[in-house]
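Here, each number is a calculation from the coordinates, and none is a lab measurement. Because the structure is predicted, anything quoted here is derived from the model rather than measured. Cβ atoms come from the backbone with ideal geometry, glycine included; neighbour counts cover every protein chain shown.
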Amino acid sequence: MPARNITPRHRYLSGRVASSKGVGPQAFESTLEQDFLLMLEFDWGINRFASQPITIRWQDHGKQRRYTPDVLVEYTTPMMARHPHLKPTLFEVKPEAVLRRDWPLLKPRFKAAIRWCREYDCRFRIVTERYIQTPYLNNIKFLLQFKEERFKFIDRSVMGQKHALLRTHLFELGRTTPQGLLDNITNGRQAQAELIPYLWHLVRCNSIGVDLSLPLSMYSPIWAREDGMHLAMTLTGSYKSRIQSILTANQVELPSW
């Protein structure tokens with residue numbers, strides 16, 4: 001449970017963010033913290049995180065002081081393999097104006113956090129709106145609409161067919177745009193509209209690549225993250241045959257299936 005309970009405030013927005021990477025919903029005390037938690041929830045390099053994780057205590061001229069950082073983040077094994085410097089990280093989320101205004105009060109807390117992190121082989125980082133309020137945040141807020149829960153009433157076979165159609169055509173095209181992919185599949189506007197949620201779901205699931213640092217649109221460059229061999233092994237029927245034909249035409253040796 002959190003080291004410090006967050007209670008509703010009149011001056012600031014507080015609440016909880018549903019999370020698959022924490023023990024239950026994670027609390028926040030401001031819109032900036034809420035946005036940061038959404039970024040953590042979306043990030044495939046994050047294994048788990050917890051808000052208000054610990055309280056650090058220290059003595060200051062004979063007085064007992066304490067400080068509770070906003071979030072503790074642990075990274076996935078693949079992420080840490082790619083970035084060996086990464087360690088579990090304590091984050092403090094603050095607007096830049098608050099940092100400037102309250103620096104004399106905040107500085108001793110942050111120094112205590114740095115000492116604690118050195119002792120426990122962690123890192124301490126401060127994040128502001130400069131890092132959080134970017135096109136990336138707007139993109140993930142959009143993509144979070146296309147989580148698995150949105151499709152829970154859709155027949156799994158129907159969903160699988162839609163995904164297979166999109167994945168196969170994208171592999172054939174290579175690099176394109178969402179609109180270009182849909183145009184390659186069908187000219188029917190209604191049929192395209194029906195495919196759009198499944199397309200964004202594949203982006204959300206990291207099966208379709210896109211540069212999320214730029215504003216997302218139907219004309220953003222996209223590409224397949226899956227290689228042909230993986231598609232040939234996971235798809236079935238005509239989609240599998242189509243991928244196999246492409247691989248054979250490119251002189252890729254196929255195993256015995």
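Put a dot 7 Å past the Cα of ALA18, heading toward its Cβ, do the same for ILE46, and the two dots end up 1.6 nm apart.
Taking the C-alpha atoms only, the angle from helix 189-204 to the longest principal axis of the chain is near 50 degrees.
What is the angle, in °, between the Cα long axis of helix 156-173 and the longest principal axis of the Cα atoms in the chain? Nearest 10 is fine, range 0 to 90. Helix 156-173 sits at roughly 80 degrees to that axis. Around the amide H of GLY209, modelled in the peptide plane, lie the amide H atoms of TRP223, ALA224, ARG225, all under 5 Å away and 5 or more residues distant in sequence or on another chain. Once amide H atoms are built 1.01 Å from N in the peptide plane, which residues 5 or more positions from ARG48, or in another chain, come under 5 Å H to H? Amide H neighbours of ARG48: GLU74. For LYS111, the lysines whose Cα comes closer than 29 Å to its Cα, not counting residues fewer than 8 places off in the same chain, are LYS21, LYS63, LYS87, LYS94.
Taking Lys and Arg as +1 and Asp and Glu as -1, the other residues whose beta-carbon sits under 9 Å from that of ARG65 total +3. Judged by the mean number of other Cβ atoms found within 10 Å, the most tightly packed of the peptides 183-189, 130-136 leads the ranking 130-136, 183-189.
Between ARG189 and ARG150, the contour length at 0.36 nm per residue exceeds the alpha carbon distance by 11.9 nm. From least to most packed, judged by other beta carbons within 10 angstrom and beginning with the fewest, SER213, SER245 follow the order SER213, SER245. Were the residues from ALA81 through TYR120 laid out at 0.36 nm apart, the gain over their Cα-Cα distance would be 12.0 nm. Quick one: net charge around PRO135, please, counting Lys, Arg +1 and Asp, Glu -1 for every other residue with C-beta under 14 Å from its C-beta. Residues near PRO135 contribute -1 overall.
For the chain, modelled as a GNM whose springs connect Cα atoms under 10 angstrom apart, the maximal fluctuation among ALA193, ALA224, ALA50 occurs at ALA193. If a/c stays under 1.5 just call it rounded; otherwise compare a/b with b/c (prolate if a/b is bigger, oblate if not). Do that for the chain, with a ≥ b ≥ c from the square roots of the Cα gyration tensor eigenvalues. Prolate shape, in that a/c is at least 1.5 and a/b is the bigger ratio.
Cβ-Cβ distance of ASN138 and VAL252, R₀ of 41 Å, FRET efficiency by 1/(1 + (r/R0)^6): the value works out to about 0.60.
In a fully extended conformation the segment linking ARG100 and TYR131 would gain 9.5 nm over its present Cα-Cα distance, using 0.36 nm per residue.
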